[in-house]
Structure formats: C-alpha cells, structure tokens
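The values are calculated or read from the model by the stated rules, or taken from the named source; none is laboratory data. Nothing here was measured: the structure is a model prediction, and the numbers come from that model. Ideal geometry is used to build each Cβ from the backbone, glycine not excepted, and the neighbour counts take in all protein chains shown. Please note that ligands, DNA and RNA were not included when accessible areas were found on the heavy atoms of the full protein model with its side chains. Shrake-Rupley method; radii C 1.70, N 1.55, O 1.52, S 1.80 Å.
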Amino acid sequence: MIDLFGGHPDTDPLDDAGDVQLLDTTLRDGEQAPGVSLTPDEKASIARQADRAGIAVIEAGSACTGPGERETIRQVTGLDLSTRVTSFCRGLERDIDLAIDCGVDGINLVVPASDRHVTEKVGTSREQNRRSTVELVEYATDHGLWVEVIGEDGSRAELPYLESLMRAALDAGADRVCYADTVGHATPDRTLACVQTLAALGPTSTHTHDDLGLAVTNALVSVAAGADLVHGTVNGIGERAGNVALEEVAIALSHGYGVETMELEQVYDLAQLVANRTGMALPPNKAVVGENAFTHESGIHTDGTLKDDAMYEPYPPELVGRQRRLALGKHAGHAGVAAALAEHGVEVTDDQLDSVVERVKRIGDRGKRVTDADLLTIAEEVRGDDRDRHVELLDLTAVSGVHPPTASIRLSVGGTERENAATGSGPVDAAMNAAVEALSHEADAALESYHVDAITGGTDAIVTVEVEMSRDDESVTVTESDSDITAASVTAMVDAMDRLVDEQSVMADD
Ligand SMILES: [Zn+2]
C-alpha cells in the first residue's frame with residue numbers, strides 16, 4: 001500500500017509500499033473502443049510486447065464473443081508468456097467452459113454489483129446474484145482457474161451490498177476481487193471508501209475509467225486504499241473516454257512513490273505498437289507517450305533545458321524509452337537555434353545568428369513548425385552559401401487502381417539520372433519504396449517517422465506531410481505541402497535524403 005495522504009509523521013510513507021502489479025486489458029476492454037478491431041496476429045504481437053514490458057496479467061479477450069475471438073485467445077495462451085493470461089467471463093458456466101477451452105490461466109468473472117445491473121440488466125435479485133456468484137467461483141476454482149471477481153458498476157453499488165457480495169466471492173475461494181468504476185462515475189473519496197472496504201476483505205484490484213478525467217487519480221487512490229493490482233489499457237484506449245492509461249499509472253507510481261510495476265523503458269514501444277495496430281493515434285499532448293511530452297519549443301524553456309536537462313522535465317525521457325527534442329517555432333530563442341545549428345555542424349557568427357533567429361520566428365508566426373530543412377536553408381541563405389543539390393526528384397508516377405499499387409520514379413543523383421519502380425501497400429508506400437531503393441546505393445538512410453497532418457475541407461485540400469529520416473547518427477525532418485499526398489510524401493523524402501547524403505558518398509559511388 002502507498003501512503004498517498006501523508007500518514008504518521010514518524011513513518012516513511014513508502015515503508016509499507018507492497019507489490020503493486022498491472023493487469024493489461026488492452027486486448028479486451030481496449031478493443032471495445034469504438035472502431036477498434038484487432039486481428040489474432042495483432043493481438044499476439046501486443047501480448048508479446050506487454051509480456052516483455054513485465055506486465056503481470058494480460059486479459060486476452062472475452063472467450064464468449066465467438067470462435068474468432070477464442071482462436072485469438074488461444075494464440076496468446078500458446079505464446080508461452082511469463083505473464084498470467086486470462087479471459088473475461090460473464091456470470092455463466094458456459095462462459096467459464098469456453099475460457100477453459102482457450103487454455104487460459106485464469107478468468108476475470110464479472111457479476112453485477114449495482115441495483116441497476118442486478119435487477120434492470122440481469123433481472124435477478126441481490127440474494128440470488130450473491131448465490132450464483134458463489135456457485136460460479138466454486139465452479140471455476142474446481143477447474144483450477146485463478147479467479148478474480150469483478151463487481152460490475154461497483155462504484156454505483158450500495159457499498160454494504162458490494163461488500164457482502166465480494167466477501168461471499170472470497171469465502172467461496174476467489175483469488176481476488178475487483179472494484180470496478182465501470183462508467184467512470186466515482187470521485188476520489190468514493191473510490192477510497194469502496195476500495196478500503198474491499199481491501200479489508202482480501203486481495204483487491206481496481207478498474208477505473210476516465211469519464212470524469214479521474215482515472216489515474218482514482219487508480220492511485222485505490223492503491224493507497226490497499227489495491228495491489230491495477231487494471232488499465234495501453235494509451236488508455238477503451239469504451240467512451242477510455243480506461244486508465246497503464247503507462248500513466250506506472251510512471252506516477254514510480255516517479256511519485258518509488259513503486260515499480262513494469263519495465264518503464266518499454267513504455268514507448270508498447271504505446272506506438274498499440275497506436276499503430278488500433279489506428280487510435282496518440283494525441284500530441286498525451287502524458288508520457290505524446291509527441292510533445294519531451295519536446296521544448298519556447299526560448300525560455302529551451303535555454304533552461306540546455307543548461308540543465310531537468311529544468312523543465314519531471315523525469316528524463318530515457319526513463320520511458322524516449323528522447324528529448326528541441327523544436328523550433330515562433331517561441332524560438334538564440335540558445336535553441338544555436339544548439340540546433342551546432343547539431344548539424346553549421347557555424348554562424350553572432351550577427352548571422354540574429355538573422356537566423358528572426359527568420360525562424362517569422363516562419364513560426366505563420367503557424368508552421370520549423371523543420372531541420374527549413375533551418376538549414378535559412379542558415380545557408382544568411383551565410384551566403386551556394387549549395388548544389390545532390391538528390392533531385394525529376395519525375396514520379398503512381399498507379400493505385402491495380403494490384404499491387406505501383407510507382408515509378410526518376411531522380412537525379414549527383415548529376416546522374418536514375419530510374420526505379422516498386423510496389424507497396426498503396427501509392428504512397430509504393431512511391432516511397434521506389435525512392436528508397438533508387439537511393440540505396442548512396443545511403444542506407446532509414447525513415448524514422450512519417451506523419452500526415454489532419455486534412456480538412458474538400459478532396460482537393462492541401463495536406464502537409466512531415467518525414468524524419470536518419471543516417472548513421474544524423475537525422476533531419478522535412479515538411480512538404482501539396483494537394484497530392486504522394487507527391488508531397490516523395491518530395492519531402494527526397495529533400496531529406498538530399499540533406500543526409502553528402503557530396504562524398506555520391507561521388508565515391510559513381
Ligand atoms: Zn472497463
């Protein structure tokens with residue numbers, strides 16, 4: 001238990017910090033998010049990554065959903081992970097049988113707890129519900145399953161009834177019970193009262209939702225009240241406003257209370273994997289895993305960060321498998337611009353730096369993020385450098401009505417023309433593949449990130465593509481806007497390659 005409220009002044013609040021573990025329900029509650037459907041392979045890859053991250057329990061799905069879902073759960077149980085794999089089960093023997101069929105280690109048995117669920121949804125009585133819960137727990141433990149009983153809508157249940165229901169479940173042999181704030185209704189004080197009551201009975205889990213924006217707070221209050229297993233999903237995906245985000249709980253417990261629940265440096269890989277597989281993109285300002293979580297743009301912050309990494313960060317990005325980024329825009333200052341130029345090996349005088357900063361701010365004022373390519377172009381102009389392009393796009397054709405989509409590209413590389421064609425999953429992918437292959441003799445550059453800005457308006461709207469490419473330990477970002485997304489993508493990529501490929505490697509290879 002962590003002492004969230006100070007405790008006795010003579011005791012260290014972390015003295016009685018026991019083991020707190022995480023249950024990842026990304027594959028069950030997370031998949032219930034509108035529009036999300038994961039294939040068996042996708043679920044398996046997420047489970048493998050969650051296992052690598054040291055998550056204690058993975059709820060792999062809901063065996064009663066159908067044969068496809070059962071096949072998926074079997075695929076996860078077949079991975080032979082070190083984590084405990086469970087299935088969600090409704091209060092039916094049939095559901096438990098189906099879970100057993102999938103080879104799970106345990107079940108998350110959900111039974112109604114609030115009157116709304118007991119009488120209106122299930123159509124039973126409190127007493128009958130308690131009796132059938134006992135029978136189901138006995139049935140499941142008789143079959144050797146680890147059993148967690150979840151009191152659905154527990155936060156809206158009458159607390160004495162929730163207590164008696166959960167006591168009956170534990171008496172019948174359940175391994176643990178779970179406080180469920182199914183609709184994200186509870187305030188922290190309500191959570192405290194419920195979890196304290198249940199934790200006095202036996203091992204207690206907590207399952208919080210974010211409808212009031214209180215999911216993390218309520219998870220921490222639950223732990224302080226005695227819960228030792230926190231349910232959540234990666235990136236907080238889930239129905240409505242979602243579940244509590246596991247990575248937020250993990251970092252808050254570690255940073256705030258020294259309680260470790262998972263391998264934190266795996267957090268970012270896991271977040272990206274789930275975002276890619278579910279199609280639920282990470283908001284830039286998302287805690288821990290958002291694009292901007294460790295990006296500094298304002299001059300004051302950049303200057304402070306260059307003097308001391310911790311100046312404007314609660315914890316170093318490396319802790320969660322990330323890197324700090326200094327971005328340039330309208331808030332840029334001299335220190336940040338000088339540092340960015342130095343990173344690309346560009347030297348400027350003080351006067352030249354003044355002009356570069358002024359022009360960077362001017363681009364920023366137009367609402368644009370200033371990329372590496374923008375900065376280098378400005379610096380060249382200010383310094384009066386003449387720069388020859390090494391790589392130039394001459395022609396591009398992409399065809400997407402055929403299978404597979406195909407693209408052909410014509411480039412000038414160090415003065416020589418080069419043509420290449422490739423296929424891909426779509427016209428952009430095909431064109432990007434063609435460009436990479438055409439340039440592979442010169443540089444084994446890698447595409448680090450590819451991002452398309454939200455498209456608004458008609459089908460002829462301008463889209464902005466941002467690519468980040470790296471080669472050895474150098475990387476550059478370039479943005480390109482066009483009403484043709486394929487042209488914007490390839491142009492941005494070729495510009496990035498042009499910046500990365502130095503003259504020597506072009507000459508040497510020709
Ligand atoms: Zn839920």
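Within region 41-64, is even one residue modelled with pLDDT of 95 or more, open to solvent by 10 Å² or more (accessible area, probe 1.4 Å) and more than 23 Å from Ala271 (Cα to Cα)? Scanning region 41-64, I find at least one residue that is modelled with pLDDT of 95 or more, open to solvent by 10 Å² or more (accessible area, probe 1.4 Å) and more than 23 Å from Ala271 (Cα to Cα), so the answer is yes. Scanning region 247-266 for residues that are in contact with a Phe, Trp or Tyr (Cβ under 8 Å, 6 or more places away or on another chain) and open to solvent by 20 Å² or more (accessible area, probe 1.4 Å) yields one hit, His255. Every listed requirement among (1) of a type in the set (Asp, Glu); (2) modelled with pLDDT of 90 or more; (3) over 30 Å from Asp308 (Cβ atoms) is met by Asp385 save one, (2). For region 163-194, a residue qualifies if it is open to solvent by less than 10 Å² (accessible area, probe 1.4 Å) and within 16 Å of the ligand (Cβ to nearest atom), and the qualifying residues are Val177, Cys178, Tyr179, Ala180, Asp181, Gly184, Ala186, Thr191, Cys194. Every condition in (1) open to solvent by less than 40 Å² (accessible area, probe 1.4 Å); (2) in contact with a Leu (Cβ under 6 Å, 6 or more places away or on another chain) holds for Arg410 except the one numbered (1). Condition check: under 16 Å from Val476 (Cα atoms) and touching a residue at least 12 places away in the same chain (Cβ under 8 Å). Does Arg410 satisfy that? No; evaluated as a whole, the condition is false for this residue.
Evaluate region 188-205: report whether one residue or more is assigned to a helix (DSSP H, G or I) and at positive phi. No, there is no match, as no residue in region 188-205 is assigned to a helix (DSSP H, G or I) and at positive phi.
Of the residues examined, Ala422 is not one that is over 19 Å from Ser481 (Cα atoms) and not assigned by TED's automatic domain parsing to the domain that holds Val501. Looking at region 233-252, can you tell me whether even one residue there is away from the ligand (no atom under 16 Å from the Cβ), part of a loop (DSSP other than H, G, I, E, B) and assigned by TED's automatic domain parsing to the domain that holds Val36? Among the residues of region 233-252, not one is away from the ligand (no atom under 16 Å from the Cβ), part of a loop (DSSP other than H, G, I, E, B) and assigned by TED's automatic domain parsing to the domain that holds Val36, which makes the answer no. Of the listed requirements (1) of a type in the set (Phe, Trp, Tyr); (2) over 28 Å from Asp97 (Cβ atoms); (3) within 35 Å of the chain's Cα centre (by Cα), Trp146 misses just one: (2). When region 468-487 is filtered for residues that are touching a residue at least 24 places away in the same chain (Cβ under 8 Å), in a strand (DSSP E or B) and not hydroxyl-bearing (Ser, Thr, Tyr), the ones remaining, listed by number, are Glu468, Met469, Arg471, Glu474, Val476, Val478. Only one of the listed residues (Thr83, Thr124) is open to solvent by less than 30 Å² (accessible area, probe 1.4 Å) and among the hydroxyl-bearing types (Ser, Thr, Tyr). That residue is Thr83.
Right, Glu392: in contact with a Leu (Cβ under 8 Å, 6 or more places away or on another chain), open to solvent by 60 Å² or more (accessible area, probe 1.4 Å) and either acidic (Asp, Glu) or part of a helix (DSSP H, G or I) (or both) or not? Here the answer is yes, as Glu392 does meet what is asked. Inspect region 204-214 for any residue being within 20 Å of His117 (Cα to Cα), out of contact with any helix residue (DSSP H, G or I) (no Cβ under 7 Å at 6 or more places or on another chain) and hydrophobic (A, V, I, L, M, F, W, C) and give the result as yes or no. Checking region 204-214: not a single residue is within 20 Å of His117 (Cα to Cα), out of contact with any helix residue (DSSP H, G or I) (no Cβ under 7 Å at 6 or more places or on another chain) and hydrophobic (A, V, I, L, M, F, W, C).
The single condition among (1) more than 16 Å from the ligand (Cβ to nearest atom); (2) open to solvent by 40 Å² or more (accessible area, probe 1.4 Å) that Gln32 does not satisfy is (1).
For region 267-294, give me each residue that is among the polar types (S, T, N, Q), surrounded by fewer than 19 Cβ atoms within 10 Å (Cβ to Cβ) and either farther than 30 Å from Asp354 by Cα or in contact (Cβ under 8 Å) with a residue 12 or more places away in the chain (or both). Scanning region 267-294 gives Gln272, Asn276, Asn285. If the condition is being farther than 16 Å from Ser254 by Cα and either away from the ligand (no atom under 13 Å from the Cβ) or touching a Leu at 6+ places or on another chain (Cβ under 6 Å) (or both), then region 205-226 contributes Ser205, Leu212, Gly213, Leu214, Ala225, Gly226.
Here Asp309 does not fit the description of being modelled with pLDDT of 90 or more and charged (D, E, K, R).
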